[in-house]
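J.: Have a look at this one.
The values are calculated or read from the model by the stated rules, or taken from the named source; none is laboratory data. A quick note: this is a predicted structure, and the numbers were derived from the prediction, not measured. Cβ: placed from backbone, ideal geometry, glycine included. Neighbour counts: every protein chain shown. Note: accessible area is taken over every heavy atom of the protein model, side chains too, but ligands, DNA and RNA are not part of it. Shrake-Rupley method; radii C 1.70, N 1.55, O 1.52, S 1.80 Å.
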Amino acid sequence: QVRLVESGGGLVQPGGSLRLSCAVSGTVFSSLAVAWYRQVPGKQRELVAMINVDGVPDYAESVSGRFTISRDNRWRTLYLQMNNLKPEDTAVYYCNRHPVSWAWGQGTQVAVSS
């Protein structure tokens with residue numbers, strides 16, 4: 001059974017940075033495209049960034065140039081470095097395959113506020 005454990009969220013001021021981690025267990029990891037998603041209450045979950053099996057990333061326009069997705073296949077961990085955070089980045093962040101096929105983890109809350 002696949003288990004996803006997201007961590008690293010918190011409260012940060014606008015312009016600040018956070019690094020999210022997602023530990024993946026119970027499945028192969030290196031041969032799959034994976035991604036970060038986020039959800040604001042009352043809105044649909046949206047794709048933030050994805051990374052393919054060759055390590056090539058792709059970003060939503062809203063985060064391009066500010067966020068960096070990376071993966072460590074040895075430790076089956078996905079990362080999201082978030083810089084120059086904005087209030088509109090406030091959301092619960094989740095990791096999953098791309099496209100989505102695993103059960104969701106608990107997510108990690110990111111709040112950007114002064």
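J.: State in Å² the accessible area per residue of the chain; use a 1.4 Å probe, count heavy atoms of protein chains only, and round to the nearest integer.
T.: For the chain, the per-residue accessible area is 53 Å².
J.: Short version: what are the Cα gyration tensor semi-axes of the chain, square root of 5 times each eigenvalue, largest first, in whole Å?
T.: Three semi-axes, in Å: 22, 15, 13.
J.: From largest accessible area down, sort V100, V2; use a 1.4 Å probe on the protein chains.
T.: These residues rank, largest area first, as V100, V2.
J.: Residue separation times 0.36 nm, minus the C-alpha to C-alpha distance between T27 and A60: what's the value?
T.: 9.3 nm
J.: In the range 69-114, what is the volume of the convex hull around the alpha carbon atoms, normalised per residue and reported in Å³?
T.: Considering the Cα atoms of the range 69-114, their hull volume per residue is 100 Å³.
J.: Using a simple charge model, +1 on the beta-carbon of Lys and Arg, -1 on the beta-carbon of Asp and Glu, nothing else, what dipole does the range 29-114 show about its Cα centre, in debye to the nearest 20?
T.: Charge dipole of the range 29-114: 220 debye, to the nearest 20.
J.: Further question on the same structure: Rg over Rh of the range 6-48, using C-alpha atoms and the Kirkwood radius, what does it come to?
T.: Rg/Rh for the range 6-48 comes to 1.03.
J.: On to the next question. Given 0.36 nm per residue, what is the gain on full extension from S17 to S70 after removing their alpha carbon distance, in nm?
T.: Length gained between S17 and S70: 17.5 nm.
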